[in-house]
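Worksheet: one structure, shown below.
The values are calculated or read from the model by the stated rules, or taken from the named source; none is laboratory data. Only a predicted model underlies this, so the values are computations on that prediction, with no experimental measurement involved. Neighbour counts are summed over all protein chains in view; Cβ atoms, including those assigned to glycine, are modelled from backbone coordinates with ideal geometry. When the accessible area is computed, the model is the full protein with side chains, heavy atoms only, and any ligands, DNA or RNA have been set aside. Shrake-Rupley method; radii C 1.70, N 1.55, O 1.52, S 1.80 Å.
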Amino acid sequence: MKPAAARIADFAARWQARLNAGSGSVRIEARVPVNPPLLHTARADALMTELDLLPIGQNWELLDTEAAPGDPRAALGSLRDAFAADMVKPGTPWLGEADALTMGAEFLACFDPAIRQIVTNRMYFGWNPVTDAAFEWAFVAFDDQATALLLATHAD
């Protein structure tokens, strides 16, 4: 099996153009961790700091990587919600629900399912910004081999 960083690069090659074909832009970054923090919020903040984005501390929401998309705090459900429709015009499709679920499943598959974790900057009441964009949705996923950012932003 390829290392996680290579799987993330393959994921980016498959999805980057389509993700950036909408009204927003998507940034995919991956790093190989060296002595990473163990706590999920610290791990996400370490990547934010390395990428010159804003760390948000305890405001990262830990998602469930094993939950069905309709379950509370489901990683697949959050990824679907983020990428199915345009962030600014929710009635306008982006990837559509089926492709957003496929994309989300492929992103999660980049990480070892036994130890992967994923956090988001969105909660039920809004989001905690990591950029200065008017709209954004950030995900940081990781295992022992890689830490990756999937960040959708829209300027207006």
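Summary of computed values
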{"item": "Single unsatisfied condition, W137 versus (1) closer than 17 Å to R18 by Cβ; (2) out of contact with any helix residue (DSSP H, G or I) (no Cβ under 8 Å at 6 or more places or on another chain)", "result": "(2)"}
{"item": "Restricting segment 97-144 to residues that are touching a His at 6+ places or on another chain (Cβ under 6 Å) and closer than 17 Å to D64 by Cβ, the residue that is surrounded by the most Cβ atoms within 10 Å (Cβ to Cβ)", "result": "V119"}
{"item": "Extreme residue, farthest from the chain's Cα centre (by Cα), among residues of segment 79-95 that are more than 12 Å from G24 (Cβ to Cβ) and open to solvent by 20 Å² or more (accessible area, probe 1.4 Å)", "result": "G91"}
{"item": "Whichever residue in segment 6-21 is open to solvent by less than 30 Å² (accessible area, probe 1.4 Å) and in contact with a Cys (Cβ under 6 Å, 6 or more places away or on another chain) and, among such residues, is nearest to L95 (Cα to Cα)", "result": "F11"}
{"item": "Checking T120 against (1) among the polar types (S, T, N, Q); (2) within 24 Å of D52 (Cα to Cα); (3) over 11 Å from the mean Cα position of the chain (by Cα), the condition it does not meet", "result": "(3)"}
{"item": "Residues that are farther than 16 Å from T153 by Cβ and touching a residue at least 24 places away in the same chain (Cβ under 8 Å), drawn from segment 80-94", "result": "R80, T92"}
{"item": "Criterion: assigned to a helix (DSSP H, G or I) and over 13 Å from V119 (Cα atoms) - qualifying residue of A68, A9, A21, A42", "result": "A9"}
{"item": "Residue check for R27: touching a residue at least 12 places away in the same chain (Cβ under 8 Å), more than 17 Å from F135 (Cβ to Cβ) and open to solvent by 60 Å² or more (accessible area, probe 1.4 Å)", "result": "no"}
{"item": "Given (1) within 11 Å of the chain's Cα centre (by Cα); (2) surrounded by fewer than 20 Cβ atoms within 10 Å (Cβ to Cβ), number of the condition A68 does not satisfy", "result": "(1)"}
{"item": "Matching entry among T92, T120 (being within 23 Å of D143 (Cβ to Cβ) and among the hydroxyl-bearing types (S, T, Y))", "result": "T120"}
